[in-house]
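Please read the structure below before turning to the comments.
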Amino acid sequence: MAKFTFTLNGAPATVDIDPSTPLLWVLRDHLGLTGTKFGCGAAQCGACTVHVDGEAVRSCVYTIDSVEGAAVTTIEGLSKDGLHRLQKAWIEHQVPQCGYCQPGFIMAAAALIAQQPKPSDADIEASITNICRCGTYARIKQAIRSAVMP
Amino acid sequence: MLAESQLSRRDVINGLAAGAVVLVAGRLAPTQVFAQAAAAAGTALNAWVAIAPDGIVTLQCAHSEMGQGIMTTFAAIIADELEADWSKCEVVFSPVAPAYRHPVYNWQFTGNAESIRSYHALIRKMGAAAREMLIAAAADRMRVPPSDLAAREGSVRHPGSGRTLGYGELAAAAAGKPVPAEPRVKPESEWRLVGGGRSLPRRDIPAKVEGSAIFGIDVKVPGMVYAAIASAPTLGGKIANVDRASVAGTAGVLAVVPLDYAVAVVAEHYWQARLALEKLKVTWQPGPGGSFDDANLAAMYAAAFASDAGWATAEAHGDAPVTLSSAQRVIEAEYRSPWLSHAPMEPMNATVSVTSDGVTVWAPTQGMQMTQIVLAKVLNVAPEKITVHRTFLGGGFGRRLLADFVAQAALCSKAAGRPVKLIWSREEDIGRDWYRPAFLDHARAALGPDGLPAAIHHRLVAPSILAPVSPVPVEPGTVDGLAVESLVEHPYKIANRRTDYHMLQVPIPTMVLRTTGHGPNNFALESLIDELAHAAGQDPYQYRRRLLAENAAALAVVDRAAALAGWGKAEAGRVHGMAFADCFGSYLCQVAELSVIDGAIKLHKMVSVCDPGRVLDRVNATSLIEGGVVWGLSAALYSAVTFANGHVRERNFDGFRVVTLPDTPELVTDFLQNRPAIGGLGEVGPVCVPAALANAVFAATGRRVRSLPLAREGVFTIYGKTFS
Ligand code: FES
Ligand code: FES
């Protein structure tokens, strides 16, 4: 066990925990934020995507000891005031089916458009590598495109 | 006629007291969500409709929401007949109770694309009955005949005087009115919420983009602890010995629970359970199949073909064998679909609290009644003592019809004396599934002088897919009605047709997967039709038209798909492949458009035209077909499980590959509404994808691929070349 302190959605957070615990389970079980999902546990699906210091990371393989002092943002903290424009676009395009993968996609897309405000289709295809078993990719692409339109 | 149980108010109220779960209230914390259940009711007018004094209407959804939009469309059908104000309707997942069972099967489950088509008539009547009771109550209050009154958007109005009474004011009195046996359902022209090209924003979507929707894995109940599980290293293997001392003193560990073919560790936190599970020393007995592998399985399929025993005839019209034996031209081919895992995005999980007072379950389940029955048996308690709260499902695809994972969670709770949330790893999920088995169809067709098939004879070998989900036993040597779907009762006019089926016995658990028998059998039948068209020197689209000439609705679907795809007019370098299906009460025709670039295929477009009789929600219906196409592309291109040493090789998405964003083509989807009855949508979208794709690959390359997935046959997409 060891103590780790970091910033979570803008507020300080401290946990006392086995250092090998993935950030995913710290968020879900210890800090009560269940919007970040477990899909594969092996960095293959992206359901667990969160931002660490602005970068999209797959929290299922990101151990808590590497989060010390960092700023973590989850789907619950993506927008301070209501919905992020991606979330609005997601609703407008009625993107989710089962919805389980969607927080991960939204976090991956949010990191993309923070770094590349006008991503091309090729940019979207290259950087959104998450898995959606319900097959909502076409609407995800449309929603990202519409969210970055002037 | 309405079944009596559906109208007994006592049943209804008991049902509500048992606790429906409100999951639509987006921003509530998980614990609040469940606490709110009891407050959701109001005055019940029947099993489906309750109205509170403030006019809030609570509508029961008998089904599970796994992305098919059912909680919105199902409730909207009731609300439409009820003439409710949709903005004042709340939707809850119904309890597991007789009132909510499938009207024909008397069994509550979500699957087989049945949620709308089998309940439509019933729930319309229930909405209409409640509306008439509200009108009757208003007639008393206003002292006018009911026929002078009109219900509209949550109130009853007397047009003559302009007086209006809200449903909230009327509900208590309405509940005392006799239940009309034959209420007047609205003609389609008066529908306001469903049909007519309308669409309602789905109720579950805002919570799903905020991250506040509660899936099974998100459930939190007071005192809850966690379990991780590992199953035997060979399928069907059992525990020989568990060395509990190997995890003594490990942080957080509360219990080690042997579970027949698996072992679970319960700990304060999930990751502690996972760490302890890795340390736990277990010795296993091999399963009944020992160290079987793909080669053993292939030999079993081949032996079944060679043998005369174990066959049953699923369909016989005319005399296919005789026609074939005297035919001038016989085309013969073998089609194979692989073993598949369901791999829904949310791994199997359940939360169960077993106490001396009863059992409470919170589970992402498609098999709510199955859950109750299985737990009653496993725990030896009365089914009435088991309360099943249903959460959102992170996909299901059939897997969640079973309750094995709920039973495991229950046994963990019993052992630990605490509520337990059991979570399977993805490796467990893919490695210990109840698989969609491989299908092997040997087809022979006789071509007549007109080039059309005079006879087709299918001999299908596949293990049962129905057995584990059927309330009645499915015996070897008989026909599994789901396994032969699409080979039998298809609308092609072929005078002599026969399908024989051999229910193979395998040492692997098997069950239905989205598309049931239609998926693998449509690949076989529609590849065969394509082969026959080419053998006859005819255009595959026109060939299908000839076979469907007497079926106007089916022709319309094929024609519309051809028109949308620009059949025969593909731009240079591109080709089309077509497939057609009659499945789940709907017609579907899909046309794939692709080109070949550097030896790999680039899929440009998939056109889907579906006739489900009636489209109740246009945007949602489109979404289901679109998602179905992508799901079907995974099955067509990449996905399969294989066996070595008595177990599945693929354990995660690196081995069990699925389509990702770049492989998604342009999707063109349209609907026709010529079929007389409402058909299904949830399972329809993927059905023709494999055959349409394989037929397009033939058009492009001249190579006929008769085995799925295409990538294992060396057919790669330009994005999928890394397939290993
Ligand atoms: S759960 Fe982390 S990438 Fe799949
Ligand atoms: S919406 Fe179900 S997995 Fe993506």
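The values are calculated or read from the model by the stated rules, or taken from the named source; none is laboratory data. Predicted, not measured: the structure shown is a model, and the values here were computed from it. Cβ sites come from the backbone with ideal geometry, for glycine too, and all protein chains shown count toward neighbours. Heads up: the accessible areas ignore ligands, DNA and RNA and are worked out on the full protein's heavy atoms, side chains in. Shrake-Rupley method; radii C 1.70, N 1.55, O 1.52, S 1.80 Å.
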>> Considering only protein heavy atoms and a probe of 1.4 Å, how much of the accessible area of the protein assembly as shown is carbon and sulfur, as a whole percent?
In response: 52
>> Show me the GluC sites (Glu not before Pro) within segment A:32-94 that DSSP assigns to loop and that have at most 16 other Cβ atoms within 10 Å of their Cβ.
In response: A:GLU68
> Distance in nm between label sites at B:VAL322 and B:SER161, each 7 Å beyond Cα in the beta-carbon direction?
Replying inline: 7.8
> Where nothing but the Cβ of Lys and Arg (+1) and of Asp and Glu (-1) is charged, how large is the charge dipole of the protein assembly as shown around its Cα centre, in debye to the nearest 20?
Replying inline: 800
> What nm value, rounded to one decimal, do you get for the distance between A:GLN115 and B:ALA299 when each label is placed 7 Å out toward the C-beta?
Replying inline: 5.2
> At the nearest 100 Å², what buried accessible area, both sides summed, do you get for B and A when the probe is 1.4 Å?
Replying inline: 4300
>> Can you list residues from other chains, or at least 5 along the same chain, whose modelled amide H is less than 5 Å from the amide H of B:ARG614?
In response: B:GLY679
>> Residues of segment B:188-215 losing 10 Å² or more of accessible surface, assembly versus chain alone, probe 1.4 Å, please list them.
In response: B:PRO201, B:ARG202, B:ILE205, B:PRO206, B:LYS208, B:VAL209, B:GLU210, B:GLY211, B:PHE215
>> Need one word for segment B:439-722: rounded, prolate or oblate. Basis is the Cα gyration tensor (sqrt eigenvalues a ≥ b ≥ c); a/c below 1.5 gives rounded, then a/b vs b/c decides.
In response: rounded
> Which of the residues in segment A:46-92 lose at least 50 Å² of accessible area when you go from the chain alone to all protein chains together (probe 1.4 Å)?
Replying inline: A:ILE91
> For segment A:111-125 and segment B:149-177, what is the separation of their C-alpha centers, rounded to whole Å?
Replying inline: 54
> Can you list the residues of segment A:98-125 whose accessible area drops by at least 50 Å² going from the chain on its own to the full set of protein chains, with a 1.4 Å probe?
Replying inline: A:CYS98, A:TYR100, A:GLU125
>> Just the number please: accessible area per residue for chain A, 1.4 Å probe, all protein chains included, in Å².
In response: 35
> How do the peptides B:443-454, B:685-696, B:77-88, A:112-123 rank, highest first, by the average count of neighbouring beta carbon atoms within 10 Å per residue?
Replying inline: B:685-696, B:77-88, B:443-454, A:112-123
> How long is the gain from B:ASP140 to B:LYS385 if the chain were fully straight, where each residue apart is worth 0.36 nm and the alpha carbon distance is subtracted?
Replying inline: 84.1 nm
> Quick one: of the DSSP bridges fully inside segment B:439-722, what percent are antiparallel, nearest 5?
Replying inline: 65
>> I'd like to compare B:230-239, B:321-330: which one has the highest average count of other Cβ atoms within 10 Å, and what's the full order after that?
In response: B:230-239, B:321-330
>> Give me the 1.4 Å probe accessible area per residue for segment B:367-463, excluding ligands and nucleic acids, in Å².
In response: 25
> Rounded, prolate or oblate: which fits chain B, taking a ≥ b ≥ c as square roots of the Cα gyration tensor eigenvalues, rounded meaning a/c under 1.5, else prolate when a/b beats b/c?
Replying inline: oblate
> Modelled label-to-label distance, B:ALA240 and B:GLN673, 7 Å Cα→beta-carbon offset: nm?
Replying inline: 6.4
> At 20 °C and 1.002 mPa s, what whole-number value in µm²/s does Stokes-Einstein give for the translational diffusion of the protein assembly as shown, with Rh from the Kirkwood sum over Cα pairs?
Replying inline: 76
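Of the DSSP beta bridges with both residues in chain B, give the percent that are antiparallel, rounding to the nearest 5.
The answer is about 70 percent antiparallel.
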> Which percentage, to the nearest 5, of the DSSP beta bridges contained in the protein assembly as shown is antiparallel?
Replying inline: 75
> Across peptide B:619-628, how many C-beta atoms of other chains are within 10 Å of each residue C-beta, on average?
Replying inline: 4
>> Rounded, prolate or oblate for segment A:85-148? Axes are the square roots of the Cα gyration tensor eigenvalues, ordered a ≥ b ≥ c, and the cut-off for rounded is a/c under 1.5.
In response: prolate
> Taking every residue in B:659-669, how many Cβ atoms of other protein chains lie within 10 Å of its Cβ, on average?
Replying inline: 5
> Using r as the Cβ-Cβ distance of A:THR5 and B:GLU278, and R0 as 35 Å, what FRET efficiency do you calculate, to the nearest 0.05?
Replying inline: 0.80
>> Taking beta carbons within 10 Å but only from partner chains, what does the mean come to for residues B:342-352?
In response: 4
> From the residues A:THR14, A:GLY54, A:THR34, which one has its Cα farthest along the dipole of segment A:2-77 in the positive direction, the dipole being from +1 and -1 charges on Cβ of Lys/Arg and Asp/Glu about the Cα centre?
Replying inline: A:THR34
